[in-house]
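Take a look at the structure below.
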Amino acid sequence: MFPKKSAAPKVTNPKNWSPQSWQDYPVKQLPTYPDEEELQQAYQQLQNNPPLTTSWEVEALKSKLADVAAGKGFLLQGGDCAESFADCKSDKIVNLLKVLMQMSFILIHEMETSVVRLGRIAGQYAKPRSRDYEIVDGEKIPNYRGDLINSIEQNLEDRIPDPHRLLEGYNKASLTLNFLRALSNEGFADLHHPEYWELDFMKQNEYYKDYETMVNSIQKAVNFMETITPNQFNTLQKIDVYTSHEALNLWYDSAQTQQVPRQPGWYNLSAHLVWLGNRTRDLDGAHVEYLRGIRNPIGIKIGPNYDMDHTLKLIERLNPIHEQGKIVLITRFGKDEVEDGLPDLIKKVKHEGMPVVWSCDPMHGNTFATDDNIKTRNFDSIISEMRKTFAIHRSQGSYLGGVHLELTGDNVTECVGGAKGLHEGELHKSYETYCDPRLNYQQSLETAFLIAKEWNE
Ligand code: PEP
Ligand code: MN
């Protein structure tokens, strides 16, 4: 259907495209700001701010993703469903980095492969919603769409889209990124000391003996390295963490899209990777128009009821030169649908010779509401989709190169199950998410152990 491309694609600037060309297309999930002049002022200010990331970091991530696509490495993407401005705080950032690091250590050690860490952080402030409005005390008010757009407070005034939030989003992202960079440059000591990890909860899991052996073995490897190369080992503390968010609020993303000297093309320098959500992927829509013009790697969420022809055209539109490491296909079918939906997609993408990283999002297809109407996810369903996805890729002779998880380093109670057996009645104890339910610290570590276990099946 699509012509096969050569190995060394030529980068040219996209035709009839500018960071603002999306404005000529129908846009979904982006509310109208009431004051156009205020919006334009905020937009221009955002355009003048220094970038949060650099083009060479973006290219470095792309090149690592190209390795992953070729079966050399694994992508670990994780963080909040919706980051909030209020949680731009030291402990939240430390805890997220810590859990991502610990998970990546487990994966590296057990899977003997390199791991690309990609936070849903420093910009994940905008949310697609299935309903535009909600009813609060009999009053119809606009739905919350993420801190980048309006406030979670349930009253009409706070729900009106406010363009100043674009600038506040930039400020919060830049504070977050600054701290992340400082932490990952110097490392933090306990990352190298598995004995500090809080693993007691694992005793209740049937695989506890395996976990214990794994942790002891990581410990030995770290001790060995520290003993034989005490100085060089410090350099291991410099860790790479990349950032990602959904490119949903196109005002935010396009204002930070720039050309850089001596490099062809345009870069979204508000993050390293941005993704296209399940609800904004119309070929003739504004989001696809914006994304076709940037050089960043792009994630594409694909859920049940996808249209095959549309999906292949979408991949082609976003990566017409078949560049390696450019597209991450993030499948999110749900444990009951994945066996129906995924195999054909794998076959077709392979047949068309499209280079992609396959990643599994086992969260979004497994959400349900409890009898008390609390949105949650079951740990076993998440693991089940992940296992089935691994098995399907194996049977198709393809390579599952990553996972995409909504998680936090905090001890929240948002998803049920896991070694601690969190049940529905406990969800209210520490239910803090601004949007979808996240795995907590322990559930996240347990997931990493189970991914590693599945990998070695
Ligand atoms: C998300 O990742 O939080 C999200 C909204 O995903 P999807 O587009 O798959 O619903
Ligand atoms: Mn979500």
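The values are calculated or read from the model by the stated rules, or taken from the named source; none is laboratory data. Predicted, not measured: the structure shown is a model, and the values here were computed from it. Glycine also receives a Cβ, built like all others from the backbone with ideal geometry; neighbour counts cover every protein chain displayed.
Tallying residues that are within 16 Å of ligand 2 (Cβ to nearest atom) and out of contact with any Leu (no Cβ under 8 Å at 6 or more places or on another chain) within segment 305-350 yields 3. Look at segment 349-371: where a residue is under 19 Å from Glu406 (Cβ atoms) and acidic (Asp, Glu) and a partner is assigned to a strand (DSSP E or B) and within 16 Å of ligand 2 (Cβ to nearest atom), sitting 6+ places away or on another chain with Cβ atoms under 6 Å, you get Asp361/Ile330; Asp361/His404.
Every condition in (1) at pLDDT below 95; (2) touching a Ser or Thr at 6+ places or on another chain (Cβ under 7 Å) holds for Met101 except the one numbered (2).
If you check Gly418, Gly425, which single one turns out to be out of contact with any Lys or Arg (no Cβ under 9 Å at 6 or more places or on another chain), more than 16 Å from ligand 1 (Cβ to nearest atom) and free of Cβ contacts under 8 Å to residues at least 24 places away in the same chain? Don't jump to the end; show me each part of the working.
Details: Gly418 fails: free of Cβ contacts under 8 Å to residues at least 24 places away in the same chain.
After applying the criteria, what remains is Gly425.
Does at least one position in segment 78-100 carry a residue that is within 16 Å of ligand 1 (Cβ to nearest atom), farther than 26 Å from Tyr267 by Cβ and not in a helix (DSSP H, G or I)? Within segment 78-100, one or more residues are within 16 Å of ligand 1 (Cβ to nearest atom), farther than 26 Å from Tyr267 by Cβ and not in a helix (DSSP H, G or I).
Specify which of the listed residues (Val115, Val136, Val68) is under 19 Å from Leu180 (Cβ atoms) and either of a type outside the set (D, E, K, R) or at pLDDT 95 or above (or both). I'd like the intermediate steps shown before the answer.
Details: Val136 fails: under 19 Å from Leu180 (Cβ atoms); Val68 fails: under 19 Å from Leu180 (Cβ atoms).
Testing whether each residue is under 19 Å from Leu180 (Cβ atoms) and either of a type outside the set (D, E, K, R) or at pLDDT 95 or above (or both) leaves just Val115.
Taken together, Leu118, Leu148, Leu156 contain a single residue that is over 21 Å from Trp251 (Cα atoms) and either among the polar types (S, T, N, Q) or surrounded by 19 or more Cβ atoms within 10 Å (Cβ to Cβ) (or both), which is Leu118.
Every condition in (1) β-branched (Val, Ile, Thr); (2) within 16 Å of ligand 1 (Cβ to nearest atom); (3) under 24 Å from Leu199 (Cα atoms) is met by Ile106 except one, and the failing one is (2). Does segment 378-413 hold any residues that are within 22 Å of Arg117 (Cβ to Cβ) and charged (D, E, K, R), and which are they? Those that are within 22 Å of Arg117 (Cβ to Cβ) and charged (D, E, K, R): Glu385, Glu406, Asp410. Of the residues making up segment 86-102, just one is closer than 10 Å to Phe179 by Cα and either crowded, with 23+ Cβ neighbours inside 10 Å or within 17 Å of the chain's Cα centre (by Cα) (or both), namely Ile93. Flag: Trp275 does not match the condition of being of a type outside the set (Gly, Ala, Ser) and over 23 Å from Trp358 (Cβ atoms). Ser430 meets each of the listed conditions (1) hydroxyl-bearing (Ser, Thr, Tyr); (2) in contact with a strand residue (DSSP E or B) (Cβ under 7 Å, 6 or more places away or on another chain); (3) more than 16 Å from ligand 1 (Cβ to nearest atom) apart from (2). Filter segment 395-453 down to residues that are farther than 20 Å from Ala86 by Cα, of a type in the set (S, T, N, Q) and part of a helix (DSSP H, G or I) and give me whichever is farthest from ligand 2 (Cβ to nearest atom). Result: Ser395. Residues in segment 55-75 that are outside any helix (DSSP H, G or I) and either buried (at least 24 other Cβ atoms within 10 Å of the Cβ) or acidic (Asp, Glu) (or both): Phe74, Leu75. In segment 446-457, which residues are more than 17 Å from Gly402 (Cβ to Cβ) and in contact with a strand residue (DSSP E or B) (Cβ under 9 Å, 6 or more places away or on another chain)? Passing the criteria: only Glu446.
Given the condition more than 16 Å from Gln258 (Cβ to Cβ) and not small (Gly, Ala, Ser), answer yes or no: does some residue in segment 42-53 qualify? Spell out the reasoning first.
Kept after step one, since they are more than 16 Å from Gln258 (Cβ to Cβ), are these residues of segment 42-53: 42.
Add one more test, that the residue is not small (Gly, Ala, Ser), and what stays is none.
Looking through segment 42-53, none of the residues is more than 16 Å from Gln258 (Cβ to Cβ) and not small (Gly, Ala, Ser).
I need the full set of residues from segment 371-390 which are in a helix (DSSP H, G or I) and either crowded, with 16+ Cβ neighbours inside 10 Å or within 16 Å of ligand 1 (Cβ to nearest atom) (or both), in order please.
The initial filter retains those residues of segment 371-390 that are in a helix (DSSP H, G or I), namely 379-390.
Phe379, Ser381, Ile382, Ile383, Ser384, Glu385, Met386, Arg387, Lys388, Thr389, Phe390, listed by residue number.
Among residues that are surrounded by fewer than 18 Cβ atoms within 10 Å (Cβ to Cβ) and assigned to a loop (DSSP other than H, G, I, E, B), Asp284 is included. For residues in segment 26-44 being among the polar types (S, T, N, Q) and under 27 Å from the mean Cα position of the chain (by Cα), which is surrounded by the fewest Cβ atoms within 10 Å (Cβ to Cβ)? Here the answer is Thr32. Listed conditions (1) on the phi > 0 side of the Ramachandran plot; (2) buried (at least 20 other Cβ atoms within 10 Å of the Cβ); (3) within 16 Å of ligand 1 (Cβ to nearest atom) are all met by Pro362, apart from (1).
Yes/no per residue for (1) without any contact (Cβ under 8 Å) to a residue 24 or more places away in the chain; (2) in contact with a Gly (Cβ under 6 Å, 6 or more places away or on another chain); (3) of a type outside the set (A, V, I, L, M):
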position	(1), (2), (3)
Val11	no, yes, no
Gln29	no, no, yes
Asp35	no, no, yes
Leu39	no, no, no
Gln45	no, no, yes
Lys62	no, yes, yes
Gly73	no, no, yes
Ser90	no, no, yes
Met101	no, no, no
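Within segment 126-138, does at least one residue satisfy the condition of being small (Gly, Ala, Ser) and under 15 Å from Cys81 (Cβ atoms)? Scanning segment 126-138 turns up at least one residue that is small (Gly, Ala, Ser) and under 15 Å from Cys81 (Cβ atoms).
In the condition set (1) surrounded by fewer than 23 Cβ atoms within 10 Å (Cβ to Cβ); (2) away from ligand 2 (no atom under 16 Å from the Cβ), Pro128 is compliant with all but (2).
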